[in-house]
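Participant: Sharing a structure below in structure tokens format, with a few things to ask.
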Amino acid sequence: MIDSDVFDFVERCRKHTATGALLGDLLETVKNLGFEHLILSGVPLGGQKLAPMVELNGWPKGWFERYVEAEHAAVDGVCIYSAKTLKPFLWSEVPAKWSGTEASRRVAGEATEFGIWSGFAVPMLSVHHWQSVLSFASSAKSCKLSARQQVQLVTMAVYAGMTIQALSNDDDDDEGLLTDREKEVLLWAAAGKTSSETSQILGLTERTVKWHATRAREAFGVATTTQAVVEAVRRRLIHP
């Protein structure tokens, strides 16, 4: 990759009006450095759930679902280290105290089933979360980057994060998109509660909770409640 590729990406960031287009553009650009997948997310802390914090999801089909369902973020050395530093790092550089645990090695092993072997992470401060990270993933068993290539990735990661923030600001007129009750239902979904548990917390029937979740999905034009939670967080309509 040459520097002009990075500058071209930065210029295109100013024109993107949707996260899907931004994700596709970034994935296509970083292919030149050997990366096929990426994810931009807040770093979960203190039992926070990962799914509502994801802002760009370019992970392989099936891996995101497994990672979230198994709550791998709590034991994944890359994720843990991303909360402890603002310095970009190769996954192989994560200190052994976090990467060498049995649980972290298990996560890394499962990732290889989806073609993920190595990567490069760019932790960043975030207006949406305490800290975010953009993690690039490769099918290469060893990720080797020159100092210049690392700077190129950091530059693109920062501008991708800034673009996400700008798109969120553009959504300020969405404040009336959800009712207060729909926001409550999504907040409890973000906390990992089932419809049954949420109904008991809010004093509603489970059928009513599911109806509010359906209304929220329809408001965002998404298929699942998890996707509705992600969109509500991105637009800053709820704050898990």
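Participant: From (1) under 24 Å from Asn57 (Cα atoms); (2) outside any helix (DSSP H, G or I); (3) without any contact (Cβ under 8 Å) to a residue 60 or more places away in the chain; (4) not polar (S, T, N, Q), pick out the condition that doesn't hold for Gly176.
Facilitator: All conditions pass for Gly176, except number (1).
Participant: Which of the residues spanning region 111-138 are touching a residue at least 60 places away in the same chain (Cβ under 8 Å) and either outside the structural domain of Lys31 (by TED's automatic domain parsing) or farther than 17 Å from Val94 by Cβ (or both)?
Facilitator: Gly115, Ser126, His128, His129, Trp130, Ser132, listed by residue number.
Participant: Over 12 Å from the mean Cα position of the chain (by Cα), farther than 17 Å from Pro123 by Cα and buried (at least 21 other Cβ atoms within 10 Å of the Cβ): is that true of Ser104 in this structure?
Facilitator: Criteria met by Ser104.
Participant: Being surrounded by fewer than 20 Cβ atoms within 10 Å (Cβ to Cβ) and within 30 Å of Val185 (Cβ to Cβ) narrows it down to one of Lys31, Lys49, so name that one. Write out each step before concluding.
Facilitator: Details: Lys31 fails: within 30 Å of Val185 (Cβ to Cβ).
None of the others qualify; the one that does is Lys49.
Participant: When the residues of region 210-224 are filtered to those that are surrounded by 15 or more Cβ atoms within 10 Å (Cβ to Cβ) and small (Gly, Ala, Ser), which remaining residue is farthest from Leu237 (Cα to Cα)?
Facilitator: So the residue we want is Ala213.
Participant: So is Tyr67 out of contact with any Leu (no Cβ under 8 Å at 6 or more places or on another chain) and not aliphatic (A, V, I, L, M) or not?
Facilitator: On the way: out of contact with any Leu (no Cβ under 8 Å at 6 or more places or on another chain): no; not aliphatic (A, V, I, L, M): yes.
Here the answer is no, as Tyr67 does not meet what is asked.
Participant: If you go through region 34-57 one residue at a time, do you hit one that is touching a residue at least 24 places away in the same chain (Cβ under 8 Å) and among the basic types (Lys, Arg)?
Facilitator: Among the residues of region 34-57, at least one is touching a residue at least 24 places away in the same chain (Cβ under 8 Å) and among the basic types (Lys, Arg), which makes the answer yes.
Participant: The conditions are (1) modelled with pLDDT under 95; (2) buried (at least 21 other Cβ atoms within 10 Å of the Cβ), and Gln227 fails exactly one of them. Which is it?
Facilitator: Looking at each condition in turn, Gln227 falls short on (2).
Participant: Take the conditions at pLDDT 90 or above, acidic (Asp, Glu), crowded, with 18+ Cβ neighbours inside 10 Å and within 24 Å of Gly47 (Cβ to Cβ) and apply them to Glu197. Does it pass?
Facilitator: Details: at pLDDT 90 or above: yes; acidic (Asp, Glu): yes; crowded, with 18+ Cβ neighbours inside 10 Å: no; within 24 Å of Gly47 (Cβ to Cβ): yes.
No: the conditions fail for Glu197.
The values are calculated or read from the model by the stated rules, or taken from the named source; none is laboratory data. Every value quoted in this text rests on a predicted model; they were computed, and no experiment measured them. Reconstructed Cβ throughout: ideal geometry from the backbone, glycine too, with neighbour counts over all protein chains shown.
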